[in-house]
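The values are calculated or read from the model by the stated rules, or taken from the named source; none is laboratory data. Note that this is a predicted model, so its numbers are computed, not measured. Here the Cβ positions follow ideal geometry from the backbone for every residue, glycine too, while neighbour counts run over all protein chains shown.
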Amino acid sequence: MKLTDLLSKTAIAAALVGGVAAFSTAALADASMPGAGVTAQPGQDNIDGENFQTIIVMKALEALGYEVNPVQNAKYPALHIAIANGDLTFMADHWDPLHEAFYDKAGGAEKLARVGAYIPGCAQGYLIDKKTADAHGITNIGQLADPEIAKLFDANGDGKADLAGCVPGWGCERVIEHQLTAFDLRDTVTHNQGEYSAIIADTISRYKDGGSILYYTWTPYWVSGVLVPGTDVVWLEVPHSAHPNDVDTTLPNGKNYGFEVNTQRIVANPQFLADNPAVAKLFEVMQVSVNDISAQNLRMREKGEGGWDAAVRHAEAWIKANQTTFDGWLAQARAAAQ
């Protein structure tokens, strides 16, 4: 064999080895970044208390190689419709079953994919200050049908109880309005609506001034870190189940606070999930505790760290503190893309 032939064969072998190495590197890159070249569009109601959980989902998608656009804000009914139409990819804050009407109106299971159990154990209902509850034996919101009891929570002098209520367009609004009629509270209770953060701030100020308070809230949210149930305030039961979705709201322990315990799920466009099995698996396995969300919300309140940029820092800190869990989600997502 001539020296030139040997050199030629050696060069070919080297080229082949190099090509295999390059192919292997590319394959590994594709496997670790299944979202490369694909854009996701998140949506969210413009609520500070939901930024954190949306950002964690966005960070996970980015770690899988997806290009994630800035979040688009809209009210819950419009968000569900936009996802069904493919104008948005997902929202991280669908309350199941509270948002059932929005889900159904947007097309239900034919148009929307409701995935996983992102934040389980979300409670909601009516509370009053413990001092007034103990002094007057108030345990049930039905007692406010008595004008004398209702008057205890009168904040503006009109003789009716002032309920710090739900933002118009939220799912809780439907439930509260339904129950005011069902429990004969229309003549004795005023449902104050508007920007919740402003209404609840007034309620907290009234409590700090020694006044009696009546309000609706939910968990996870910072309010229960400021007005602590069992210490500062107490949950009120309802006379009986009365829900616009015609469901029994009695809890397994026999208590009935008028609302079902909800799970915050990720709702996504089903075609996007079909085209991106990594995302379908990611959304299925992601889970963050109610306590972690509440702690972040309380930090916003106590340290004045509200807004999107602060929530990004909080989400990045949470991911670092829970890196093994976060990496586990990504590993399952990547495996599903193979």
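Can you name the residue in segment 126-153 that is within 30 Å of the chain's Cα centre (by Cα) and not in a helix (DSSP H, G or I) and, of all such residues, is surrounded by the fewest Cβ atoms within 10 Å (Cβ to Cβ)?
139
Which of the residues that make up segment 284-338 are in contact with a strand residue (DSSP E or B) (Cβ under 9 Å, 6 or more places away or on another chain) and β-branched (Val, Ile, Thr)?
Scanning segment 284-338 gives 285, 288, 290, 293.
Just to check your reading of the model, which residue among 92, 84 is in the same structural domain as residue 291 (by TED's automatic domain parsing), assigned to a helix (DSSP H, G or I) and crowded, with 18+ Cβ neighbours inside 10 Å? Talk me through it step by step, then tell me what you get.
On the way: 92 fails: assigned to a helix (DSSP H, G or I).
None of the other options fit; the residue is 84.
For segment 34-49, name all the residues that are surrounded by 17 or more Cβ atoms within 10 Å (Cβ to Cβ) and outside any helix (DSSP H, G or I). First the steps, then the outcome.
Let us first name the residues in segment 34-49 that are surrounded by 17 or more Cβ atoms within 10 Å (Cβ to Cβ), namely 34-35, 38, 40-45, 48-49.
Matches in segment 34-49: 34, 35, 38, 40, 41, 42, 43, 44, 45.
Just a yes or no: is a residue in segment 283-296 in a helix (DSSP H, G or I) and touching a Leu at 6+ places or on another chain (Cβ under 8 Å)? Break it down into steps so the answer makes sense when it comes.
First, pick out the residues of segment 283-296 that are in a helix (DSSP H, G or I): 283-285, 290-296.
Retained after the next criterion (residues that are touching a Leu at 6+ places or on another chain (Cβ under 8 Å)): 283.
Within segment 283-296, one or more residues are in a helix (DSSP H, G or I) and touching a Leu at 6+ places or on another chain (Cβ under 8 Å).
Does residue 254 satisfy the condition of being surrounded by fewer than 15 Cβ atoms within 10 Å (Cβ to Cβ), farther than 17 Å from residue 112 by Cβ, outside the structural domain of residue 87 (by TED's automatic domain parsing) and among the small types (Gly, Ala, Ser)? Lay out the reasoning, then the answer.
Values: surrounded by fewer than 15 Cβ atoms within 10 Å (Cβ to Cβ): yes; farther than 17 Å from residue 112 by Cβ: yes; outside the structural domain of residue 87 (by TED's automatic domain parsing): yes; among the small types (Gly, Ala, Ser): yes.
Yes; evaluated as a whole, the condition is true for this residue.
Report yes if residue 294 is polar (S, T, N, Q) and free of Cβ contacts under 8 Å to residues at least 24 places away in the same chain, otherwise no.
Numbers: polar (S, T, N, Q): yes; free of Cβ contacts under 8 Å to residues at least 24 places away in the same chain: no.
No, not satisfied.
If you go through segment 216-237, how many residues are part of a strand (DSSP E or B) and in contact with a Phe, Trp or Tyr (Cβ under 7 Å, 6 or more places away or on another chain)? Before the answer, list the steps.
Of segment 216-237, the ones part of a strand (DSSP E or B) are 216-218, 229, 233-237.
Now narrow it down to the ones that are in contact with a Phe, Trp or Tyr (Cβ under 7 Å, 6 or more places away or on another chain): 216, 229, 235-237.
Qualifying residue count, segment 216-237: 5.
Exactly one of these conditions fails for residue 298: (1) surrounded by fewer than 18 Cβ atoms within 10 Å (Cβ to Cβ); (2) closer than 22 Å to residue 175 by Cβ. Give me its number.
Just one mismatch for residue 298, condition (2).
If only one of 328, 304 is farther than 25 Å from residue 33 by Cβ and small (Gly, Ala, Ser), which one is it? Give the derivation first.
Working: 328 fails: farther than 25 Å from residue 33 by Cβ.
Among 328, 304, only 304 is farther than 25 Å from residue 33 by Cβ and small (Gly, Ala, Ser).
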